[in-house]
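Okay, structure first, notes after.
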Amino acid sequence: QVQLVESGGGLVQAGGSLRLSCAASGRTFSSSGRGWFRQAPGKERDFVAAINWSGGSIYYAASVKGRVTASRDNAKNTVYLQKNSLKPEDAAGYYCARRKVNYSGGYYTEGGYDYWGQGTQVTVSS
């Protein structure tokens, strides 16, 4: 009863920038946090960033900290992931997820999220 749709992926040169978007719709209140994960071919899905409802609490994976900024626009039910200084290892499918209510586990685990988007592909060329 809720849909998450990612957009903004594409092909960029190393050192370039992209802004990914995750828009939510459906029969739900947009009052929960969101997470970003990524998965490259042949590799596990890894945590990238998480942001709460107010935007006052944001967490980043060590591999992207300093090059990524998460934000949200609650009026548009949309969260964003600004990616700068892209590296070839950043190439992956990027997925947006909604945080579970009353989940006591870590923000970096997939089990803490209940709805997922289809992903948007980021490709980095040198």
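Is there a quick way to get the dipole size of the chain? I mean about its Cα centre, with the Cβ of Lys and Arg at +1 and of Asp and Glu at -1; what is the value in debye to the nearest 20?
Values: 15 positive and 8 negative charges, 45 e Å.
My answer is approximately 220 debye.
Give me the percent of accessible area attributable to carbon and sulfur for region 15-80, probe 1.4 angstrom. Summing carbon and sulfur atoms, their accessible area is 48 percent of the total for region 15-80.
Here R99 sits with roughly 40 square angstrom of accessible surface, probe radius 1.4 Å. The heavy atoms of Y108 offer some 130 square angstrom of accessible surface to a 1.4 angstrom probe.
Listed by chain and number, the aspartates and glutamates whose alpha-carbon sits under 15 Å from that of K65, ignoring those within fewer than 8 places in the same chain, are D46, E89, D90. Only protein heavy atoms count here; under a 1.4 Å probe, L18 has an accessible surface of about 30 Å².
Relative contact order (percent) for region 61-126, with alpha-carbon contacts under 8 angstrom and 6 or more residues of separation? Don't skip to the end; give the middle numbers.
Working: 74 pairs, mean separation 20.3, N = 66.
Relative contact order of region 61-126: 31 percent.
Normalised by 2.2 N^0.38 Å, where N counts its residues, the alpha-carbon radius of gyration of the chain equals 0.99. Between I58 and N102, the contour length at 0.36 nm per residue exceeds the alpha carbon distance by 14.1 nm. Sorted largest first by accessible area at a 1.4 angstrom probe radius, with every protein chain in place, the residues T78, T109 fall in the order T109, T78.
The 3J(HN,Hα) values that the Karplus relation (6.51, -1.76, 1.60; θ = phi - 60°) gives for region 60-66 are, in residue order, 10, 5, 4, 5, 10, 4, x Hz. Gly and Pro appear as x.
Where nothing but the Cβ of Lys and Arg (+1) and of Asp and Glu (-1) is charged, how large is the charge dipole of region 11-73 around its Cα centre, in debye to the nearest 20?
Details: 9 positive and 3 negative charges, 7 e Å.
The dipole magnitude comes to about 40 debye.
What separates the Cα centres of region 1-63 and region 111-126 is a distance of 7 Å. Using the charge dipole of the chain (Lys, Arg: +1 at Cβ; Asp, Glu: -1 at Cβ; taken about the Cα centre), state which of N52, T109, Q1 has its Cα farthest towards the positive end. Of the candidates, N52 comes out farthest on the positive side.
The values are calculated or read from the model by the stated rules, or taken from the named source; none is laboratory data. All figures in this text were calculated on a predicted structure; none of them were measured in a lab. Ideal geometry is used to build each Cβ from the backbone, glycine not excepted, and the neighbour counts take in all protein chains shown. The accessibility values were calculated without ligands, DNA or RNA, using every heavy atom of the protein model including side chains. Shrake-Rupley method; radii C 1.70, N 1.55, O 1.52, S 1.80 Å.
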